[in-house]
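Quick notes on the structure that follows.
No lab work stands behind these numbers, since they all come straight from the coordinates. What you are looking at is a predicted structure, and each value in this text was computed from that prediction instead of being measured. For neighbour counting, all protein chains shown are included, and Cβ atoms are generated from backbone atoms with ideal geometry for every residue, glycine included.
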Amino acid sequence: MSHVKTFPSRARSNDHERMPGCRGSLLLMLAIYSNPKWLSVVRGAVERLTETLGFPPAQCRSITRAVDEALTNIVRHSYGNRPDQPIAMYFRRAHRQHDGEVQRGLEVLLCDRGLAVNPTALQARPLEEIRPGGLGLHFIRQSMDSVEFSRKGPTNRLRLVKYLAQANSSL
Amino acid sequence: MQISTRYHDKTTIFDLSGDIDFANSPEVRRSVLSEIQENRAPRVVVNLSEVRYIDSSGVASLVEGLKASRDCGSRFILFGLSTAAREVLQLSRLIKVFEVYENEEQAMAS
């Protein structure tokens, strides 16, 4: 089993205290290797999770798309298309105060141990250009309420949060 | 994801099914570009009615097909977009760049 890589852990410090909004309980944890064949498996899980949490169908699709595109970016850019590198995902309840009310949502934390990502490179390209590529980050930003990247030691951490409209909340 | 190819008069029709993502979009890209650049198909029609999901790399493959067809003076047509496929083309503002039809009959009659 010497080929088995250690999967990155969620947090090594109390850094969650610095994040905006409050973090809730862990709903789901997934660990995969960076082979693109596992992308469809994760999409299936995220679709079911978001449906169960009461997100409307369009948001279930957009959250699933955001996670899928984020994983693809990890495989391509962080791991340079190597298929045997570890990726860990943590899905938690999230909530925040919004317009005087508590708004509930879903936090997705994706962790990898690939190359350090230059945050300034995380810019979506202008959509006026008709050319292949560069759309993934655009899809992520359009889908989520919050997109934060950080590097903790050897671990890249991408935190995505989507809040649920009050009427739909079953969180 | 599965790709099958049909030929009708001077039209090549690609029937795609399943999910198009980073795992298989290179195959879509290869198939489409080969038909346009090597076989010089005057009209390429892509049937997306059985495609449940398409990611940014799949969209990129379609954009490459469109560009190649423009370079070769051929037409590149999509039909049967699912809700998910239509959403990503709208999000990327590419929906108006492609020639899109509801069904095969309309695409073939265009």
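For this structure, a couple of remarks:
- Considering only alpha-carbon pairs that sit under 8 angstrom and 6 or more positions apart, the relative contact order computed for the stretch A:26-119 is 35 percent.
- The GluC sites (Glu not before Pro) of the stretch B:79-110 that meet both conditions, a loop assignment by DSSP and at most 12 other Cβ atoms within 10 Å of the site Cβ, are B:102.
- The alpha-carbon of residue B:96 sits under 15 angstrom from the alpha-carbons of these aspartates and glutamates, leaving out residues fewer than 8 places away in its chain: A:128, A:129, B:87.
- Average beta-carbon neighbours from other chains, 10 Å sphere, peptide A:41-50: 1
- Cβ neighbours within 10 Å from other chains - mean over A:73-81: 1
- Global dimensions of the protein assembly as shown from alpha-carbon coordinates: Rg and Dmax equal 20.2, 66 Å.
- Calculated diffusion of chain B, Stokes-Einstein form, Kirkwood radius summed over Cα pairs, 20 °C and 1.002 mPa s, µm²/s: 159 µm²/s
- Put a plus charge on the Cβ of each Lys and Arg, a minus charge on the Cβ of each Asp and Glu, and nothing anywhere else: the dipole of the protein assembly as shown about its Cα centre is then about 960 debye.
- Sequence-separation-based contact order of chain B, relative, with Cα cut under 8 Å and 6+ spacing, percent: 25 percent
- Residue-count net charge about residue B:12 - beta-carbon cut-off 9 Å; Lys, Arg +1, Asp, Glu -1: +2
- Stretchable slack from residue B:96 to residue B:67, in nm (0.36 nm times residue separation minus alpha-carbon distance): 9.0 nm
- Test item: B:48-58 mean partner chain Cβ contacts at 10 Å: 4
- Hits among lysines - C-alpha to C-alpha of residue A:37 under 22 Å, sequence gap 8 or more where chains match: A:5
- Net length available on complete extension from residue B:6 to residue B:86 is 26.5 nm, with 0.36 nm assigned per residue and the Cα-Cα distance removed.
- Under conditions of 10 °C and 1.306 mPa s, the stretch B:53-110 yields 135 µm² s⁻¹ as its translational diffusion coefficient, taking Rh as the Kirkwood radius over Cα pairs in the Stokes-Einstein equation.
- Checking every one of the GluC sites (Glu not before Pro) in the stretch A:16-109 against DSSP loop status and a limit of 11 other Cβ atoms within 10 Å picks out no site at all.
- Rounded to the nearest 20, the size of the Cβ-charge dipole of chain B about its Cα centre is 380 debye, with Lys and Arg at +1 and Asp and Glu at -1.
- Formal net charge of residues neighbouring residue A:62 (Cβ-Cβ distance under 14 Å; K, R +1; D, E -1): -1
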